[in-house]
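The values are calculated or read from the model by the stated rules, or taken from the named source; none is laboratory data. From a predicted model like this one, the values you see are computed outputs, not experimental measurements. So basically every Cβ, Gly included, is an ideal-geometry build from the backbone, and we count neighbours across all protein chains shown. Surface accessibility is based on the protein's heavy atoms, side chains included, excluding ligands, DNA and RNA. Shrake-Rupley method; radii C 1.70, N 1.55, O 1.52, S 1.80 Å.
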Amino acid sequence: MTPGPEGHEPPAHDLRPERVGSFEVLEEIGRGGMGVVYRARDLKLEREVALKRPRSDLLGDPEFHRRFMTEARTASKLMHPNITTVFEVFEEEGVPWLVMELIQGASLRSLLQDGSPLSFEDVLRHGEGLADALRVAHIGGVLHRDINPNNILVGGDGRARLSDFGLARAWEDPERDLEITDATTQARTHGAAGTRGYMSPEQVLGKPLDPRSDLFSFGVVLYEMSTGRPAFARGSGDHWVDAVLHRDPEPISRVNADMPPEFESVVRKALAKRPFQRYQSASELLLDLRALRRRLESDSAHSWSGVGRRPSRRRRWLGVGVLAAVAAAAVVGFMVLRPAADDALELVGSHKRLTTHPGWDGQPALSPDGTMIAYTSDDGGDPNVWIVHTAGGEPTQRTTHPGSDTDPAWFPDGSGFVFVSDRDGAPSVWRIPVLGGSPMKVVPDAEQPAVSPDGSRIAFARANPAGLTRIAVAPLADLSQVEVLTGDDDGLWSHEFPAWSPDGSTLCYADHRDLWLVPADGGPARRLTADGAGDFDPAWTPDGRHVVFTSMRERTVALWSVPAAGGEPRRLTTGTSSEREPALSREASWLAYCTSESDANVVVLDRRTGDRSVIPGSKDERMPGLAPDGSLLVFMSDRSGRADLWLQPLDGLALAGPARQLTDHPGTVALPEVSPDGGWIAYQRAVEGRRDIWLVPTAGGVPLRFTDHPGNDIHPAWSPDGAQLAWVSDRAGVENVWLAPVADGRRTGEPRRLTRGDAADLFPRWSPDGGRLAYVEERGYRAEAMIQDVVGGGAPVRVTEGAQARRVRWPGPGDELLVSGTWGSDRVRVRAVSLVDGGVQELEPAVVLGLDADSTGLFAVGKGGQILAYETTGRKGDVWLAETSMGSN
């Protein structure tokens, strides 16, 4: 008998055969809970291979046998240097066999067995290769489902390879529990197969899996490579299940100080408990790893930011968190940071400011002859399209509708321009003559228009059923013939900002992070920039050789240029004034752009009189909470140097004394809520990635922790009698609403779960009678307001449709709900929803919280809905003009 890998004799039904087909079996080299691996010689090709087959006791299941063969054939199609190659799949005497590449090396498990981490160079090198392997596999429709150090082999060439690709799926039987192995121990969990301590939360819970589950497991492996220890305990019992579902691993920096914090950010994002909070694809993770390596190689790792942004259907304003002082002088110079190539665009001389109004001017579009700029301005309130001559002078307003008119784009003959308006209730493309006249709708349900150079076609962005925009084109002579050019594989999340090449053959556009090129007549898209740095707003140079764009590279917003054929981007402006949205004239004599800055404030509104007041402060003031009687306003501010809670007494809209600081402890605080009697503030506090609900007396004092579960507890809400708190927790594996009794700042009973949906239930609010809870249900990219009975239970009721809801509040008796959302526009508004007939009404006066990409939708109510407090973000910006090297020759 042939001994097994640990000296144990195998069962009789697993004896090593002498020969299988054209393969001479030499020795057993591995054995797991599902299969056996042998070293063998291929007698036809005279090479050594690895032969793998299932355990004999599993072969009696016909369904298992079928799935094994199907998945093995699928895995055999995966060709990648970081995937163990499957040469052949065959069957002999009823036993399926896999012929695989024999790796002369060691498993990652053996390299980590002494508890020492790998060098950061090796971690990053292996990480990039394995992430790219996952990218290829997922594109091919194959999930691994069992990524762990045993299934990663490091060959003598130093290259890491994923093995057993696709087989975990074949080995998972949905009808019964299967054994799960981690080399020497076995476990069972919720009918799911995988390796203890490496499974994703959804895999542990037996839920359907997608590529994000593999990315979680890969994050666990990255953690272990960088620390030498498992991210989650893999001992006996169910402790490891609790750890995977509810606990974050110890920070990498505490275990291994040699690992840079930027890498830890990548790993933590991969290990997010909720799939939508993780990387959404292996491509996205790979880009962050590559970007980190490049920045480290250039000694600029300190400038890298891997923080993603939530996808949005609307133009990315990038106002929040990117504050820039706009130059007060009318003329300012910007240095080109690197020498330009001979044919590259370069900005020369001084830059001239063309607009000076105190609000925001942006989205400039240069006329084809370079004499005029159409742009968007909020001068006078709602955004409208204006025109200013490049020589200077007084701007002229071209649209006057009270809705939102934005994104102008010229016709190539200069006779007029198209723009986006929501005047019909949803964003559509309209056209207007340059000298004035009545606007006419051109393309319904479309944004970000661009007219082709010959004037025959129009490109635009249009949302698909999932709410993500895709790039489409249509002939202006027959706008019903729309062709969608981009799909789910052509960039992350929404596709935006289409720009025509000068010859009309190609469109450049932006996904969530990078620029892409796609043929205007259809065909495969290709990535133009691949750093994941946040590139958008592309504009072609007239010779078609370069694309100028806005980028968040190097932790500032500036203008960059990249060769259209591919190459390294080159920075054009310094970013000191947050330069963005480039536009070039036909001869490239001039480049127009805009600058921008933002400031967040809390506004208090009296709905009866329409009067408003702004809480004064030189810093960002956010997240207002109101006492029910309107006497207290609490908000988050960084005026003390970090985010803390501040309390402002009110007398109507007037300030009844100075604001005072309520909290001063490590971590960050958010979403304060005042108790019905005004005596306590409930809020969420985050410390080292863990979030809990805390309470602090409004009179001041020591904060008390209300929840202490390893899961994340967020979004507190008081019951009308102050005897209960509702909050959101993911302690059951998904974010649902929970309740618990409270008295004197402490929990007085055990929490109970109220909602049980499989989507995210967020921001609960009690009805005035205490019998119902309203909340926002986020399902994918859709968000609607829901209501759930507190006592009777039953199914929740959806009360909005198409709201893209952000927050909910009960203003009065309970027959009406206030909901903030986009409601099909580019702005977040608060509207009243009747719970009697479902009718939706605009508030009077209207309450607009900001642009979709800027606003959180936060607001609070007091005095039975008479007083509203809300967060608003103000923007300032101007249109500038720069002479280019192409125009100065």
- Normalised Cα Rg of the stretch 569-655, dividing by 2.2 N^0.38 Å with N its residue count, works out at 1.69
- Show that you can apply the helix-only estimate: for the chain, add -39,500 (n - 2.57) for every DSSP H stretch of four or more residues, divide by all residues, and state [θ] at 222 nm to the nearest 500. -3500 deg cm²/dmol
- Query: What is the chain's relative contact order, in percent, from Cα pairs under 8 angstrom and six or more apart in sequence?
  - Reply: 8 percent
- Message: Starting from 0.36 nm per residue, how many nanometres of slack lie between GLU801 and VAL687 once their C-alpha separation is accounted for?
- Response: 37.4 nm
- Task: Express the accessible area of the chain per residue in Å², computed with a 1.4 Å probe while the remaining protein chains stay in the model.
- Result: 39 Å²
- What does the convex hull of the alpha-carbon atoms of the stretch 453-549 project to on average, in nm²? 6.0 nm²
- Task: Send over the semi-axes of the stretch 358-406's equivalent ellipsoid, whole angstrom and largest first, taken as the square roots of 5 times the C-alpha gyration tensor eigenvalues.
- Result: 19, 11, 9
- Item | the stretch 810-853: Cα Rg divided by the 2.2 N^0.38 Å rule of thumb | 1.16
- Message: Once neighbouring chains are kept in place and the probe is 1.4 Å, which whole percent of the accessible area of the stretch 21-124 is contributed by carbon and sulfur?
- Response: 48 percent
- Hey, any idea what Rg/Rh is for the stretch 378-472, computing Rh the Kirkwood way over Cα pairs? 0.98
- Query: Hey, any idea what % of the stretch 757-884's accessible area is carbon plus sulfur with a 1.4 Å probe?
  - Reply: 47 percent
- Under a 1.4 angstrom probe, counting protein chains only, how are GLU18, GLU284, GLU88 ranked by accessible area, largest first? GLU18, GLU88, GLU284
- Task: On a 0 to 90° scale, report how tilted helix 282-297 is relative to the longest principal axis of the chain, with both axes built from alpha carbons and the result rounded to the nearest 10.
- Result: 80 degrees
- Taking the Cα centre of each part, how many Å lie between the stretch 248-292 and the stretch 615-659? 35 Å
- Can you give the Rg and Dmax of the stretch 511-561 based on its C-alpha atoms, in angstrom? 11.5, 36
- Query: If one takes the longest principal axis of the Cα atoms in the chain, at what angle in degrees, from 0 to 90 and to the nearest 10, does the Cα axis of helix 261-270 lie?
  - Reply: 80 degrees
- If you project the alpha carbons of the stretch 461-513 onto their three principal axes, what span does each projection cover, largest first, in Å? 30, 25, 15
- R0 of 41 Å, Cβ-Cβ distance VAL791-LYS77: FRET efficiency to nearest 0.05: 0.15
- Message: Student exercise: in the chain, how many lysine pairs 8 or more apart or on different chains have Cα atoms under 18 Å apart?
- Response: 4
- Note on the structure: Treating only Lys and Arg (+1) and Asp and Glu (-1) as charged, each at its beta carbon, one finds that the chain has a dipole about its Cα centre, in Debye to the nearest 20, of 920 debye
- Query: What angle do you read, to the nearest 10 degrees and between 0 and 90, between the alpha-carbon axis of helix 62-76 and the longest principal axis of the chain?
  - Reply: 70 degrees
- With Rg and the Kirkwood Rh both taken from Cα atoms, where does Rg over Rh land for the stretch 787-867? 0.97
- Convex hull per residue volume in Å³, alpha carbons only, for the stretch 498-647: 193 Å³
- Förster radius 35 Å - calculated FRET efficiency between LEU59 and ALA106, Cβ distance, rounded to 0.05: 0.70
- Query: log10 I(q)/I(0), Debye, Cα-only the stretch 50-91, no solvent, q = 0.28 Å⁻¹?
  - Reply: -1.05
- Message: Could you work out what % of the accessible surface of the stretch 672-744 is carbon and sulfur, using a 1.4 angstrom probe and leaving DNA, RNA and ligands out of the count?
- Response: 47 percent
- Query: How large is log10 I(q)/I(0) at q = 0.07, 0.08, 0.10 Å⁻¹ when the Debye formula is applied to the Cα atoms of the chain, each weighted equally and without solvent?
  - Reply: -0.64, -0.83, -1.21
